[in-house]
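Reviewing the structure listed below.
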Amino acid sequence: MTSSALQYLPARGSAPNQEILPLTARVNDQDSLEIGGCSIDSLVQKHGSPLYIVDEVTLRTAAQQYKQAWQKYYPGESLVIYASKAWNCLAICHIVTSEGLGIDVVSGGELLTALQAGAKPQQIYFHGNNKGVNELQLAIDKGCNIVVDNWWEIETLSTLATAQPVSIMLRLTPGIECHTHEYIRTGHLDSKFGFDPTRIDELFTYLSKQTQLRCIGLHAHIGSQIFEQQPHQDLAAVMVGWFTKAHTYGLPVSEINVGGGLGVKYTENDDPQSIDTWVQGVAAALEAACKEASLTPPRVISEPGRSLVANSCVTAYTIGSNKEVPGIRRYLAVDGGMSDNPRPITYQSVYRCVAATKMSAPCTEIVTVAGKHCESGDVLIHNASLPPTQPGDILVVPVTGAYNYSMASNYNRIPRPAAVLVKDGNSDVIIDRETYADLVKHDQLPERLR
Ligand SMILES: Cc1ncc(COP(=O)(O)O)c(C=O)c1O
């Protein structure tokens with residue numbers, strides 16, 4: 001039997017990261033997709049396309065599930081921090097902060113956005129493998145935690161931290177392999193991130209002599225879009241070993257940050273653990289390792305990005321031209337592409353799509369959904385199953401909340417789309433659509449060329 005887009009409607013009570021469409025997705029009497037009580041066609045009429053549509057309920061549910069799971073399964077204190085590189089903007093940072101989460105930032109820009117969104121400096125953790133001196137000074141001035149990545153940074157910080165001691169965590173590379181795209185693997189030894197653990201004694205000795213740097217904890221992150229349990233559990237045990245060693249050097253470590261990385265469902269072939277199961281497994285591994293080391297379970301920090309925000313958002317496009325290559329394929333072009341979703345061209349990421357106003361129509365066509373950019377590789381979806389569509393129909397690509405807007409560009413001078421937050425039938429713009437005027441705002445035409 002030919003299936004329809006109804007197969008993507010969420011099951012009751014499941015975890016956001018295990019659903020392709022946001023939790024509030026339903027189909028209305030006109031056979032149109034609704035999210036947050038707003039029909040996608042009315043949103044596109046009102047706000048234009050392409051349009052990022054963020055479901056507030058899904059985002060808040062994911063944040064709550066993380067927080068509650070740590071409280072349920074871990075005997076010590078816990079803090080969940082949102083890895084805001086997934087999508088750093090005022091509204092999303094504000095929502096996660098209002099749910100009691102902290103924020104992981106990787107640049108001065110992300111840091112200032114998090115602060116402006118209401119995050120408390122003590123709950124902001126500043127990552128990055130090449131923070132500028134100005135960025136380090138900004139983090140010190142604002143009182144944020146700094147996750148130190150390398151020797152240059154630690155030496156620079158010891159010269160900057162003159163007024164009062166600075167709280168730091170150390171990022172170490174655990175040497176744990178996991179099965180994900182090589183560009184988003186970070187825990188293997190040959191990674192640009194983090195200290196080499198074979199020099200851990202040297203590092204701890206150095207730090208034990210630096211009175212102006214207060215090492216409050218240890219951090220590791222093994223990669224992103226990970227479905228397996230084992231690497232995260234192995235990491236927990238490795239980190240408890242480092243933590244115990246840090247105490248023997250007299251370092252005041254009190255927290256372990258196990259990173260993020262839990263995968264999400266982009267297609268029906270993906271089967272990530274639920275947020276609850278992931279936390280349960282990591283908490284149990286930490287607890288067991290602490291028991292073995294006769295250690296009281298320290299404060300644990302986890303920093304999910306993708307699994308918090310990805311499945312709360314869909315992107316709506318308008319279908320335009322199409323091209324039949326006889327005997328080979330049919331291209332269906334949309335009004336966006338690699339500039340609003342660079343993941344397919346960067347990581348060969350696979351997405352699904354639905355025709356937003358024909359939700360129950362049988363999917364009888366296999367098409368290639370192409371973007372509008374001057375790049376043959378600008379294909380959003382290969383072999384997409386859709387019902388017959390017309391130019392002007394709306395195509396929705398789900399699971400676009402993570403590493404889409406935050407990696408968006410103006411390639412081909414295409415303005416970045418707007419984003420709206422939907423809830424209970426209301427839609428609020430959280431990011432304005434860029435204009436052509438915005439595109440030339442920073443251009444200069446020197447006088448002598450005029
Ligand atoms: C240090 C660090 N923490 C957390 C994350 C978030 O990972 P994810 O979005 O897979 O949860 C990343 C992203 O790769 C990261 O580099």
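Overview of values
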| quantity | calculated |
| --- | --- |
| Enumeration of residues in the range 237-273 that are within 15 Å of the ligand (Cβ to nearest atom) and either over 13 Å from G217 (Cα atoms) or in a helix (DSSP H, G or I) (or both) | M239, G260, G261, L262, G263, V264, K265, Y266, D270, P272, Q273 |
| Test: residue in the range 45-60 that is farther than 20 Å from I146 by Cα, without any contact (Cβ under 8 Å) to a residue 40 or more places away in the chain and away from the ligand (no atom under 16 Å from the Cβ) | yes |
| All positions within the range 92-101 that are closer than 21 Å to D141 by Cβ and surrounded by fewer than 24 Cβ atoms within 10 Å (Cβ to Cβ) | T97 |
| Selected residue (criterion: nearest to Y8 (Cα to Cα)) from residues of the range 392-450 that are assigned to a helix (DSSP H, G or I) and of a type in the set (S, T, Y) | Y405 |
| Considering residues of the range 19-51 that are among the charged types (D, E, K, R) and over 18 Å from S312 (Cβ atoms) only, the residue surrounded by the most Cβ atoms within 10 Å (Cβ to Cβ) | D41 |
| Conditions (1) modelled with pLDDT of 95 or more; (2) farther than 22 Å from A283 by Cα; (3) surrounded by fewer than 15 Cβ atoms within 10 Å (Cβ to Cβ): number failed by I146 | (3) |
| Residues of the range 297-327 satisfying the condition of being within 16 Å of I275 (Cβ to Cβ) and acidic (D, E) | E303 |
| Of residues in the range 194-236 being acidic (D, E) and assigned to a helix (DSSP H, G or I), the one surrounded by the most Cβ atoms within 10 Å (Cβ to Cβ) | D234 |
| Any hit, the range 115-122, residues being buried (at least 18 other Cβ atoms within 10 Å of the Cβ) and over 22 Å from Q68 (Cα atoms) | yes |
| Residue check, Y125 part of a strand (DSSP E or B) and either buried (at least 21 other Cβ atoms within 10 Å of the Cβ) or within 15 Å of the chain's Cα centre (by Cα) (or both) | yes |
| Which listed residue, of A285, A355, A333, is buried (at least 18 other Cβ atoms within 10 Å of the Cβ) and touching a Lys or Arg at 6+ places or on another chain (Cβ under 9 Å) | A333 |
| Failed item, numbered, when S376 is tested on (1) at pLDDT below 95; (2) within 16 Å of the ligand (Cβ to nearest atom) | (2) |
| Contacts under 6 angstrom Cβ, first residue in the range 159-185 being over 24 Å from I124 (Cβ atoms) and assigned by TED's automatic domain parsing to the domain that holds F195, partner modelled with pLDDT of 80 or more and among the hydrophobic types (A, V, I, L, M, F, W, C), 6 or more apart | I176/I222; I176/L235; C178/I222; C178/I226; T180/I226 |
| Where a residue in the range 1-16 is within 19 Å of E34 (Cα to Cα) and its partner, wherever it lies, is assigned to a loop (DSSP other than H, G, I, E, B) and among the acidic types (D, E), with Cβ under 6 Å and at least six apart | P10/E19 |
| Residues within the range 128-147 that are in contact with a Leu (Cβ under 8 Å, 6 or more places away or on another chain) and either assigned to a loop (DSSP other than H, G, I, E, B) or not hydrophobic (A, V, I, L, M, F, W, C) (or both), tallied | 4 |
| Candidate set from the range 158-186 (those that are buried (at least 22 other Cβ atoms within 10 Å of the Cβ) and at pLDDT below 85); member that is farthest from the ligand (Cβ to nearest atom) | C178 |
| Candidate set from the range 52-63 (those that are of a type outside the set (A, V, I, L, M, F, W, C) and closer than 17 Å to Q18 by Cα); member that is surrounded by the fewest Cβ atoms within 10 Å (Cβ to Cβ) | R60 |
| Candidates S84, S78, S98, S107 - the one that is of a type outside the set (K, R), more than 17 Å from the chain's Cα centre (by Cα) and under 24 Å from T400 (Cα atoms) | S98 |
| Criterion violated by C89 - all others in (1) over 17 Å from V279 (Cα atoms); (2) buried (at least 19 other Cβ atoms within 10 Å of the Cβ) satisfied | (2) |
| Residues of the range 294-309 that turn out to be small (G, A, S), within 16 Å of the chain's Cα centre (by Cα) and more than 8 Å from the ligand (Cβ to nearest atom), as a count | 1 |
| Exclusive hit being assigned to a helix (DSSP H, G or I), in contact (Cβ under 8 Å) with a residue 60 or more places away in the chain and basic (K, R), set K85, K67 | K85 |
| Positions within the range 345-374 being part of a loop (DSSP other than H, G, I, E, B) and in contact with a Phe, Trp or Tyr (Cβ under 8 Å, 6 or more places away or on another chain), in sequence order | S349, V350, Y351, R352, H373 |
| In the range 226-278, the residues that are hydrophobic (A, V, I, L, M, F, W, C), closer than 30 Å to S3 by Cα and touching a Lys or Arg at 6+ places or on another chain (Cβ under 8 Å) | L262, V264 |
| Residue that is under 21 Å from L21 (Cα atoms) and surrounded by fewer than 22 Cβ atoms within 10 Å (Cβ to Cβ), where the choices are T368, T400, T346 | T368 |
| Hey, L421 at pLDDT 95 or above and either surrounded by fewer than 20 Cβ atoms within 10 Å (Cβ to Cβ) or touching a Gly at 6+ places or on another chain (Cβ under 7 Å) (or both) or not | no |
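The values are calculated or read from the model by the stated rules, or taken from the named source; none is laboratory data. In this text the structure is predicted, and so the values were computed from the model without any measurement. Cβ coordinates were reconstructed from backbone atoms using ideal geometry, including for glycine residues, and neighbour counts include every protein chain displayed.
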